[in-house]
Each structure stands twice: as structure tokens, then as C-alpha cells.
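A.B. asks: Before I ask anything, let me first share the structure, which is written out below as C-alpha cells.
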Amino acid sequence: MPIATHPALDGLNEPQQQAVLHTKGPALILAGAGSGKTRALTHRIAYLIDQGVPPWQILSVTFTNKAAKEMKNRIVNMLHITEGEAPGAEFTFNQSKLPVMGTFHSICVRILRRDIEHMGGDKRFVIYDSDDQQRLVKGTLKDMAIDEKELKPRSALSYIGRFKSEALSTKEAESQANSAHMHQVIEVYKQYQKALSEANAMDFDDLILKTVRLFVKCPDVLERYQDTWQYLHVDEYQDTNHAQYLFISLLAKKYRNLCVIGDPDQSIYSFRGADIRNILEFEKEYPDALRIKLEQNYRSTQPILTAADAVITANPNRPEKQMWTERKDGPQIVLNEVENERKEAQEAVEAAKQKQANGLTLNDQVILYRTNAQSRMFEEACMRAGIPYRIIGGVKFYARREVKDVLAYLYAILNPNDTLSLLRIINVPSRKIGQTTIGHMQAYASGNNMTFWETLQDAENIDAINNPTKERIAEFVRKIRHFREKSEVEVVSHLTQQLLASVGMEKWLRDDTEEGETRWQNVQELLSVMHKYDKLEPKLSLTSFLEEVALVSEVDSLQEASDDALTLMTLHLCKGLEFEHVMIAGCEEGIFPHSNSMFDREQLEEERRIMYVGMTRAKTYLQMLYSRSRMLWGQTQANAPSRFLDDLPEEVLERRSDDVLSSFAWASKSGMQQASGKKLEPFRQNGSDIDIEFNQDLDFEDDETSQDTELSEGSRVDHPVFGHGTVTERRGDIAAVRFDSGQTKNFALSIAPLKPL
């Protein structure tokens, strides 16, 4: 049939058709956000099959099983696969002969199970997950007599993962060591690999690395796979690391039918070893490659694309592309300045509620933030507004391990008879008080009818425990007693800061990994909550704070039973997703871009790409928020607006502020633009037009007061469930309310839906 009417080209734009029809030789498809890359890829594979390429000669590599499954389903649907269709059907295909589609790891497992014996391996190997790796590296450190305070297991695994993603053997890594610390790390790497080998095990990184080594050592095995998979496709090529690059390069070397698809502007995983150079330098390796740009966006409105392009254009050394859409009209991007982090959360949740009232489901809306610690304020705002929410890719704030550990210390200080809390923290951070010792103490407690706290104090009389361990238990007991006394004179924030320093929590959590940094930031964010209780009497400060935590956690569990929910997630997790309404929070220097990137050009470029990814998740509505000051990670910051906001074109912006001074400044700037012949746009404050005349006396007093200061003893309030009542007591963020029905309830004001009467 004529190419122009081939069904594989139906519904495709011209560049997508190019991608489908170019079946021989290398191809680089630069696919912008929302440009239909999966559609182009699946149509290309279907076209190859229809042109007579045996399905088993086609390999498609993805980064997630979900992506592989989606691609497979699309091809099945496109080809109308049955066991045998009537002659003359446009697509006839045997269901048992689908192309090979899967992740790098799943494909490499298949190769190794079949051929690892060619280089002396055993095909019955087991695969270690992250928990297995943790246990193995801990054992390795113990065998090498390396104290975990000197080199933490997570840190060691982070280094090992980096070596493997760069395809460095232990010998190759050793040649790069330039310090005593790195020599120690590499010794651990050697022993870790030896232990894996003795267990006939591999971790996930090994699966790719061992396959590359198999191909290099056994050319006949490589050639067999080259002849099998003559047509290669790699999705999200910008996310490949060096080991994955080698795997693909070796497979493609013979026939060179390699089609890679991706977007350098969406390369945001360097911390996982992703190397953006793989896609940027593809054409150097394949000078004859056809470059195809997918620039038509099927997701977003033009104002969103114009803004996103303006942000990403500032990055140097990127392939030029200009995204466009047929959705020319759309609301302007809302740039929202607020007073602080609480107002930011309130503004975002109110915006979501307003969109919901206008018919947009909560499922179609998302709040994005740069770090996990920012989620807490949004969780509380959702609870307060009574709207369901879900956190993607993480547990809710008060359920995070490191947060629960700190809380357990405080519960034990308040009440040492809280056995569960004592059991949680007795070896956190590590004190070398293991499960065997704990078992001896529990048996002693049971046999003598004692509480666990009493048993800890009497540990010297337990014969089954050795003397060094008894001394460590005694030190733990002294610490709890000391901070019990401190709790009588120190407010909860000061008490906790001293406690964290005393037990070495920061050093224990910050283990030279990104996860460790995040865990410590979450603990600092917990300190932010505590500061609300600094004005109370010390003992009341501790009890009131723990009461709020209990109330928040209780409501937390009630919010999970709903299908329609507002999504909260970090920007790193949003790639590949789309929402009608996207809100990006914390657009301030030091937060986004992150403070870690400030003095590193490559990291700063990646931060800009993260912003681009976040902005291009939006279909119709995009709101970007920044605050004049915020309490984050235990301290108040007053950061400048993010440099990325400076790149946004004024013509696509609607500025909002809860500060009339900001609106005045914008109006003045706009007045100057008008004088120079540029169009004057109306300014809005919190969504409503404001008129500013330059000769009038301005009253800058902000009448708006928060619920924190509004409700005091004697205030009348309304609750949607309990009705009208009177505040009888106020402790920090906890209010006791006696309702007209006679009931008395305690509420955390950060979440309670109380309205002043």
C-alpha cells in the first residue's frame, strides 16, 4: 500500500512519521515534554513488523516495567493481534511473537541466566535487593573492623553504586582513589564483591555490569545477541548511565539500527548515575544519525510552554528545540507571592478547592515541591481544609522513620514506662545493644514482673548480659534520666536540639547520601513544628507538642479512604505524569534551586531542568508560589525569589501577592513599561483586581490575621461536625473547645476546621 496511507502513520504528525519510516541506521529522536514519544515509538515498532521484520529481532528497552507494559499493550491493540487473522487484514501477527520489551535489568537477567556460564559464572545466581545489600555491607564492615561511625553502610553502598554505574571494576576504581578514605571505600567494595561472589549473588547494578563483561569477554555470545536483536530502541535515553550506554553500544555495533529517544531537558537523575552526555554526544558517535525533533506538544497550553521554554533556554549546550501546541489560548501562569510557608500551603489548598468547586477533580491536581520536608505544611493544610490527599513516593511526614525515632525519644522522656518507645530507640543511633540482649532483658522483666524501664535500670543484675553491654545500657538510662530533668526547665525545641546533639543523631542520619541528607532535613522540619510551643512553660511545651503530633497522626489515618485526592509529591517523582492543575511550591533561592547546587554549574543546570519538568506536567493551569520568609529545617529563612522566576515572560504571567507593597512595586514597574509604549497589564491581589493610584495615601496595614492569633480563650467557634463552641484553653497550637452540646474536644489548630464566629 502507498506509504502516505499506511495505518501505522495514522494520527501522527510529520516528525513522528519520519521517526516511524526511518528503519535503517541510527536515529536520535529529541522528544519534548508531552510530544507523543511513546506513540511514535510504538507506531515505529508496529511498522517494522508490518514491513516483514521478525518481532524477535526487535528490542525495546525502557526504565520501568510500567512503561514496557504500556508499550506492549499499545502494540497489541494496534496490530489487533490474534492467533491468526483472516487473509488480507492490514496487520496480521502471532501473539506468541511479540518484540522483546523490558527494563535494562530484566533483559540483562535473561541474558545472564542463559549465558553467564560462558565466563565461568553459575546461572543459578540470586539477586539481592536493597535490604539484602544493607545486610551484606554491614557484615562486610564488621568483618573489616570498620566502625559504622567511620563509614556508614548507606554511604559505602552509595559509592559502590556509583562505581558500578560508571562500569568501574574494583581495580579500575582503585586507580582513581586519591585519599585514605577512598582507599578504605574501595577495600570495602572489594570485600563486598567477594561476599556476593561467595553467595553466588548479584545486586541490581551487577546485572548490567556482568552482562557488559560477558559481551566483552565472549565475542561469540555478543554476536549471537547482535544477530538476534538487529533493531534496538531505547526510551528515556537521557537517563542512561555509563554501564547502560556500554550495553547498548555493544549490541548496536554490528547492524547500527539504533533508535534512541529522549529529552536532554528532562535529564534530572544524575544522583543515580545518569549521564546526560550519552544523549548530547550521540551524534558524535553516530555522525550519520538522523535527528528528529518532536516539538508539537499535545499536553499543555501555549502560555505554559512559553514559560517553560524561557526557563530552560538559559541552559547552555542543549539541542535547540521550540515546543508549540495547537492549544494557543489558556490561562496565564499564576506567580504567587505569600508571607510564609503556612500561607503558601493555605493558598495552594484553597486554589485546589476552588478548581474542585468549578468541576476539576482533585485527582487532576498536584502540589510539587523540591524536598520531602516541605510536604508537612501541605499535609496540615489539607487536613485543615478537610480535603483528602495522597503522598506519592514517600510516607506521610509523621510516619517517617527518622521522625518517629525522635518522637519516640520524647515520649520516653515524658513517660519512661512507654515500653514501645524505649524498644524503638534503645539502639538508635547504634549503641551495640542488639536483639539478643533485648531478648534477655524482656525475659528478665517477665520473670520478675517488672516494666522494661525498671529492667533497664536493673540490667547489671542480669547474668546473661556481658559487662560492656551493661555499661552501654547504663549510659542509655543516664541519658533518659538527664533529659527527663531537662524537660522541667527547657521548652521542647531546645530540649530536642540538645538531645539530638547528645545522641549524635545528625552524624548518624547524614551518611554522605542524598537520602541521609533528606532524613536530617525532616528532623530539622520537626523542630520547625516545635517552635510553636516555645512560649509555654517547659513541661507544658513538651506535652502540648506531643498532643498535636498525636492529633495530626489520628486525622492522617482518616484521610486515606477516598479515591479522589490531591496529590503531593517531589519534583523528581513527577516525570512522566500530567495534571490539569500544577502548583510548584518553594520557588526561592536555596530551596529551588537547592542550596547544594549554588556553587556547581552542572548541578545548577540540573535544577533548571527539574523546574522545566515540573512546569511541563501542567495541561491547563500552572501556579508557582514563593514566600517572603519560611521556617524550614528548624530555622527561619528570608530567601530571594528563585532565579528561575526572573526568566518568565511578563506577558504570560498573572502576579498575585498578599502584600500591597509588592503589588505597588509591580504597578510602578508596569507604569514605566507603559510609558515606554509597552502594554500595561492589570495586577491582581489574591485573585481580584486592585486599583493603585500613585497620588493616594496607601494604608499598608494587613488586616488579615491567621487562625493562630485569632483564637484565644473565650473565642466562639464553629466546627462542621460538632457545631458551635467556646475556646476554653489555648496551649501553643492546641485549643480546647467546649461545644454547646456539652462535649469538650482538643484540636491542633494547624489542621482543625474551626471557624471564628
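A.B. asks: Cut-off under 24 Å on the C-alpha distance; same-chain residues fewer than 8 positions from Lys194 excluded. Which lysines are left, in chain and number order?
C.D. replies: Partners within reach: Lys123, Lys138, Lys142, Lys149, Lys152, Lys164, Lys171, Lys210, Lys217.
A.B. asks: Tell me, what is the percent relative contact order of segment 1-77, built from C-alpha pairs under 8 Å that lie six or more residues apart?
C.D. replies: 30 percent
A.B. asks: Still on this model: What is the distance in Å between the Cα centres of segment 358-382 and segment 292-315?
C.D. replies: Each part reduced to its Cα centre gives a spacing of 24 Å.
A.B. asks: On average, how much accessible surface per residue is there in the chain, in Å², for a 1.4 Å probe, leaving out ligands, DNA and RNA?
C.D. replies: That works out to 45 Å² for each residue.
A.B. asks: Same structure again: Loop-only check: which trypsin sites (Lys or Arg not before Pro) in segment 89-194 are DSSP coil with at most 12 other Cβ within 10 angstrom?
C.D. replies: Lys123, Arg124, Lys149
A.B. asks: Further, regarding this structure: Counting only DSSP beta bridges with both residues in the chain, what percent are antiparallel, rounded to the nearest 5?
C.D. replies: Of all bridge pairs located within the chain, approximately 30 percent are antiparallel.
A.B. asks: Thr361 versus Ala550, label points 7 Å from Cα toward the beta carbon: distance in nm?
C.D. replies: 3.8 nm
A.B. asks: At most 13 other Cβ atoms within 10 Å and a DSSP loop assignment: could you name the GluC sites (Glu not before Pro) in segment 446-538 that fit?
C.D. replies: Glu488
A.B. asks: So what is the relative contact order for segment 329-471, in percent, with contacts set as C-alpha pairs under 8 Å and at least six apart?
C.D. replies: Dividing the mean separation by the residue count of segment 329-471 yields 13 percent.
A.B. asks: Could you tell me which of the pairs Lys404/Lys507; Lys66/Lys253; Lys254/Lys284; Lys432/Lys539; Lys432/Lys470; Lys24/Lys253 are separated by over 20 angstrom between their Cα atoms in the structure shown?
C.D. replies: Pairs exceeding the cut-off: Lys66/Lys253; Lys432/Lys539.
A.B. asks: So, by mean Cβ neighbours within 10 angstrom, what's the order for 348-356, 636-644, 619-627 with the highest one leading?
C.D. replies: For the peptides 348-356, 636-644, 619-627, the packing ranking is 619-627, 348-356, 636-644.
A.B. asks: Could you please report the charge total around Gln457, scoring K, R as +1 and D, E as -1 over all other residues with beta-carbon less than 11 angstrom from its beta-carbon?
C.D. replies: Summing Lys and Arg as +1 and Asp and Glu as -1 gives -1.
A.B. asks: Which sequence of Arg730, Arg484, Arg609 reflects their accessible areas, 1.4 Å probe, from the largest down?
C.D. replies: Arg484, Arg730, Arg609
A.B. asks: Remind me, relative contact order of the chain in percent, using alpha carbon pairs under 8 angstrom and six or more residues apart?
C.D. replies: 15 percent
A.B. asks: Related question: In the chain, carbon and sulfur make up what percent of the accessible area (probe 1.4 Å)?
C.D. replies: In the chain, the share of accessible area belonging to carbon and sulfur is 48 percent.
A.B. asks: Sort 383-389, 751-757 by packing, meaning the average of other beta carbons within 10 Å per residue, with the highest value first.
C.D. replies: Packing proxy ranking, top to bottom: 383-389, 751-757.
A.B. asks: Separate question: Exactly which trypsin sites (Lys or Arg not before Pro) in segment 223-269 are in a DSSP loop and have at most 16 other Cβ atoms within 10 Å?
C.D. replies: Passing sites in segment 223-269 are Lys253, Lys254, Arg256.
A.B. asks: Rounded, prolate or oblate: which fits segment 341-417 when a ≥ b ≥ c are the square roots of the eigenvalues of the alpha-carbon gyration tensor, with rounded for a/c under 1.5 and prolate only if a/b beats b/c?
C.D. replies: Note, shape of segment 341-417 comes out prolate.
A.B. asks: Still on this structure: Which order do the peptides 56-63, 262-269 take when ranked by the mean count of other beta-carbon atoms within 10 Å per residue, highest first?
C.D. replies: Peptide ranking by packing, descending: 262-269, 56-63.
A.B. asks: Under a straight-distance cross-link criterion of Cα-Cα below 19 Å, which aspartates and glutamates are reachable from Lys619, leaving out those fewer than 8 residues away in the same chain?
C.D. replies: Lys619 reaches Asp263, Asp265, Glu295, Asp309, Glu326, Asp329, Asp364, Asp564, Glu578, Glu580, Glu651, Glu654.
A.B. asks: Can you list the residues, at least 5 places off or on another chain, whose amide H is less than 5 Å from the amide H of Leu566, using H built in the peptide plane?
C.D. replies: Those lying under 5 Å, H to H, from Leu566 are Tyr389, Arg390.
A.B. asks: Starting from the coordinates of the alpha-carbon atoms of the chain, obtain the Kirkwood hydrodynamic radius over all distinct pairs and give the value in Å to one decimal.
C.D. replies: Here the Kirkwood hydrodynamic radius works out to 29.8 Å.
The values are calculated or read from the model by the stated rules, or taken from the named source; none is laboratory data. Remember, it's a predicted structure, so these values are computed and weren't measured experimentally. When we count neighbours, we look across all protein chains shown, and the Cβ atoms used for this are built from the backbone with ideal geometry, even at glycine. Each accessible area value is taken on the protein alone, full model and side chains, heavy atoms only, with ligands, DNA and RNA left out. Shrake-Rupley method; radii C 1.70, N 1.55, O 1.52, S 1.80 Å.
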